[in-house]
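Q: Dumping the structure here so I can ask a few things about it.
Here, each number is a calculation from the coordinates, and none is a lab measurement. All values derive from a computational prediction rather than experimental measurement. All Cβ positions, glycine included, derive from the backbone under ideal geometry; neighbour counts span all protein chains shown.
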Amino acid sequence: MDFAALRSVANGTKRTWREFCPVVRFRREADMRRQRVEDRSVVIDVVDGARSRHRCAIGCFVGSESHEGAVQMQISTIGLDIAKNVFQVHGIDANETVVVRKRLRRSQVLAFFKALPPCLIGMEACATAHYWARELTKLGHRVRLMPAKDVKAYVKRNKNDAADAEAICEAVRRPTMRFVQVKSAEQQGQLMQHRTRDLLMRQRTQSINALRAHLAELGIVAAQGDKGVKELLSIVADEKDARLPIDARASVIVLAAQLQAVQTLIGSIEKRIKTQHRSNEASKRLETIPGIGVIGASAIAATVADPTVFRSGRNFAAWIGLVPRQDSTGGKQKLGPISKQGDRYLRRILVVGAHSVLRRAKQNPEKYLWLTQLLARRPFKVVAVALANKMARMAWALLAHGGTYRAPVLAAAA
């Protein structure tokens, strides 16, 4: 028995053999020293400043307790997967090492990025992406938006928020990636008028179809077009017409009132679009192109704020989806129907405008020689798409180089 054991017996205290073992005593002292070190190192969270005793897992600079907020994350690129309430962050440093993988609530997003030094942030060009791009740009970050279909190729295996954010972080650094230009709030406001008008026009069509169908069940039909609709509305308003039962009249009166209300709203929105068109020089130059009216000119001018993002008019037409879809391989070129990618609203406006030009070409074939020759070889709708493609190229040329449209005869005479 050693001296420490004899002294414990003399003092009347009982100590176990573990306390006298040198190995056990050494481990206990090492644990105590490690605990003291951990107590002195305090990690401050980036978002809310909360202290954490565990090791920093996101590669941050840990300052002393007296310098609160001295947190500097060495992040060069961030992939941000956005949603309505839950956001996923995936950040890497200059060595492509993952330094942060975090889930944020909507109220934490701006505070999180405000605490970071300026870096590259990638996002998918989906709903609310332009708003977040503007807000993060105000904080000094460089934001790039990408089409979601281009980011999908970088998703590994299963799809979840963390995998999507990692794929965005990988895609935004690719040199061949195509990016979407961030829209301003004013630009989005102008486009909202076109989208609202388009929605109201669909609702007007639904009301007209419902009114025609209900009256047809009672043997009341009318010709196509606005003239037939006015005839049906006059029948609904005539209370002396015995062909409509009381309950049926009560139902179709509601449809007639809804139709008139929607028509009034469409007129008010079109009035605002015309006012914006008159105040926009680019929109007025686009209106000089045959087949492009006030609605089409204002929509193109509001959508394409910077035409230089397209290398040529063909790229602009391909962005709208008016070029053939390719399925070529082995050196054999195989072209199919148009790709129908890009902005469907602009594509529909151009195709509808091309139809109106073709109808005039049939009435005056000597004035539209190219269209007349093309109609002799190809179907009507194929020629309409070809003309829409040509209209898109001309629109890009006017936006990029200025000037107004000149008819081929006038250009030859000049």
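Q: Using the Karplus curve 6.51 cos²θ - 1.76 cosθ + 1.60 with θ = phi - 60°, work out ³J(HN,Hα) for each residue of the range 374-382 in order, rounded to whole Hz, and write x for Gly and Pro.
A: 6, 5, 6, 10, 10, x, 4, 6, 5
Q: Leaving out same-chain residues fewer than 8 places away, which lysines sit with a Cα under 24 Å from that of Lys362?
A: Straight-distance partners of Lys362: Lys381, Lys390.
Q: While we're here: Quick one: which of 94-103, 342-351, 206-215 comes out on top by average Cβ neighbours within 10 Å, and what's the full order, highest first?
A: Those peptides, ordered most packed to least, come out 342-351, 206-215, 94-103.
Q: While we're looking at this one, here's another question. Quick one: in the range 248-363, what % of C-alpha pairs are over 21 Å apart? Don't skip to the answer; put the middle values down first.
A: Numbers: 3743 of 6670 pairs.
Summing the P(r) tail past 21 Å for the range 248-363 gives 56 percent.
Q: Holding the Cα-Cα limit at 31 Å, pick out from Lys84/Lys156; Lys274/Lys367; Lys183/Lys230; Lys183/Lys340 the pairs that are longer than that.
A: Lys183/Lys230
Q: Next question, about the same structure. So for the range 187-273, considering every pair of alpha-carbon atoms, how many percent are separated by more than 20 Å?
A: Of all Cα-Cα distances in the range 187-273, 40 percent exceed 20 Å.
Q: Please give the net charge around Gln326, taking every other residue with its beta carbon less than 15 angstrom from that of Gln326, where Lys and Arg add +1 and Asp and Glu add -1.
A: On the way: positive: Arg314, Arg325, Lys332, Lys334, Lys340; negative: Asp327.
Net charge around Gln326: +4.
Q: Can I ask one more? Amide H of Ile121: which non-local residues (sequence gap of 5 or more, or other chain) have their own amide H closer than 5 Å, using H built in the peptide plane?
A: Here Ile78, Arg142, Val143, Arg144 satisfy the definition.
Q: Summing Lys, Arg as +1 and Asp, Glu as -1, what charge do residues with Cβ under 12 Å from the Cβ of Phe310 carry, Phe310 excluded?
A: Values: positive: Arg178, Arg311, Arg314, Arg393; negative: Asp306.
Neighbour charge sum, excluding Phe310 itself: +3.
Q: Using the Cβ atoms and a cut-off under 15 Å, what net charge is assigned to the surroundings of Ala223, where Lys and Arg are +1 and Asp and Glu are -1?
A: Working: positive: Arg212, Lys227, Lys230; negative: Asp226, Glu231.
Local net charge: +1.
Q: Where a ≥ b ≥ c are the square roots of the eigenvalues of the C-alpha gyration tensor, would you call the range 166-216 rounded, which needs a/c under 1.5, or, failing that, prolate if a/b is larger than b/c, or oblate?
A: Working: a/c = 5.92, a/b = 2.63, b/c = 2.25.
Cα axes put the range 166-216 in the prolate bin.
Q: While we're looking at this one, here's another question. Tell me, what ³J(HN,Hα) does each residue in the range 348-365 have, in order and in whole Hz, if you take phi through Karplus 6.51 cos²θ - 1.76 cosθ + 1.60 with θ = phi - 60° and put x for Gly and Pro?
A: Those phi angles translate into 5, 5, 5, 5, 5, x, 5, 4, 5, 5, 5, 5, 5, 5, 5, 7, 10, x Hz.
Q: How far apart, in nm, are two points set 7 Å out from the Cα along the Cα-to-Cβ line at Arg359 and at Glu217?
A: 3.2
Q: Report the full-extension gain for the segment Arg243 to Arg348: residue separation times 0.36 nm, less the Cα-Cα distance, to one decimal in nm.
A: 33.8 nm
Q: A follow-up question, please. Can you work out the Karplus-derived ³J(HN,Hα) for every residue in the range 214-222? Use 6.51 cos²θ - 1.76 cosθ + 1.60 with θ = phi - 60°, whole Hz, and x for glycine or proline.
A: The phi angles translate into 5, 6, 5, 5, 9, x, 10, 10, 9 Hz.
Q: Amide H neighbours of Ile338 under 5 Å, at least 5 residues apart or on other chains, H built in the peptide plane: list them.
A: Amide H neighbours of Ile338, under 5 Å, 5+ apart: Arg325.
Q: Starting from the amide H of Leu104, placed 1.01 Å from N in the peptide plane, find each other amide H under 5 Å away whose residue is 5 or more places distant or on another chain.
A: Phe87, Gln88, Val89
Q: Given axes a ≥ b ≥ c from the Cα gyration tensor, I'd like to know whether the range 262-326 is rounded (a/c under 1.5), prolate (a/b larger than b/c) or oblate.
A: prolate
Q: How would Leu233, Leu322 line up from fewest to most surrounding beta-carbon atoms within 10 angstrom?
A: By the 10 Å Cβ count, ascending: Leu233, Leu322.
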